[in-house]
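Let me begin by presenting the structure, written as structure tokens, before commenting on it.
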Amino acid sequence: MTVYDSSVLIEYLDGNSAAVEYVEAHFDERAVAPPLVAFEVYQGEVFKSGPADFDAVDSALEWVTIVDETPELARAAAELQNELHQQGAVLTARDAFIAGTARGLGDSLVVADSDFDIDGLAAVLDVEFL
């Protein structure tokens, strides 16, 4: 199972070849994302020119399962952020929640931006950068 960051999903929706190829190569695996990722993707619809089409986003990303937020995942995120903080590295709260979701589920995280490119993260979480 793979936890997707919004950066990958946005690139996928935009037709970025690296994101499309990655998704297609992993299409037989369970794909998940926390609700925060879905919200970030929907934000792209809110701020694009023209009317928002949330149904189109839902249809294009129907292969992604939005996992329920649970206290265990929130704690996993806080613990991950604490470990990184003790090492002198900082993730924003939203990125810590996304990475912590992957860690709490015991899954890898795939990203397409530099938000997660911080010292120490790859040592505590399987992160794949597109």
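Remark: the Ser17-Val124 segment gains 35.7 nm on full extension, using 0.36 nm per residue and subtracting the alpha carbon distance. Amide H to amide H, with H built 1.01 Å from N, Glu128 comes under 5 Å of Leu109, Val110, Val111, counting only residues 5 or more places away or on other chains.
Estimated purely from DSSP H runs of n ≥ 4, each contributing -39500 (n - 2.57), the mean residue ellipticity at 222 nm for the chain is -15500 deg cm²/dmol once divided by its residues. Phi angles of the stretch 102-110 translate, via the Karplus equation with coefficients 6.51, -1.76, 1.60 and θ = phi - 60°, into HN-Hα couplings of 4, 5, x, 8, x, 10, 7, 10, 10 Hz per residue; Gly and Pro are given as x. Each residue of the stretch 117-125 was assigned a 3J(HN,Hα) from its phi angle through the Karplus expression (A = 6.51, B = -1.76, C = 1.60, θ = phi - 60°), giving 8, 10, 4, x, 5, 5, 6, 10, 7 Hz with x at Gly and Pro. In terms of Cα atoms, the Rg and Dmax of the chain work out to 14.5, 45 Å. Between Asn82 and Tyr42, what FRET efficiency comes out of the Förster formula 1/(1 + (r/R0)^6) with R0 = 35 Å and r the beta carbon distance, rounded to 0.05? It comes out at approximately 0.75. What's the longest uninterrupted piece of the chain once you rule out the trypsin sites (Lys or Arg not before Pro) that are loop residues per DSSP with at most 16 other Cβ within 10 Å? Free of exposed loop sites, the longest segment is 49-130.
Taken together, the values in this text are just the output of simple stated rules run on the coordinates, not laboratory data. This structure is a prediction, so every number in the text was calculated from the model and none was measured. As a convention, Cβ positions derive from the backbone with ideal geometry for all residues, glycine included, and neighbour counts pool all protein chains shown.
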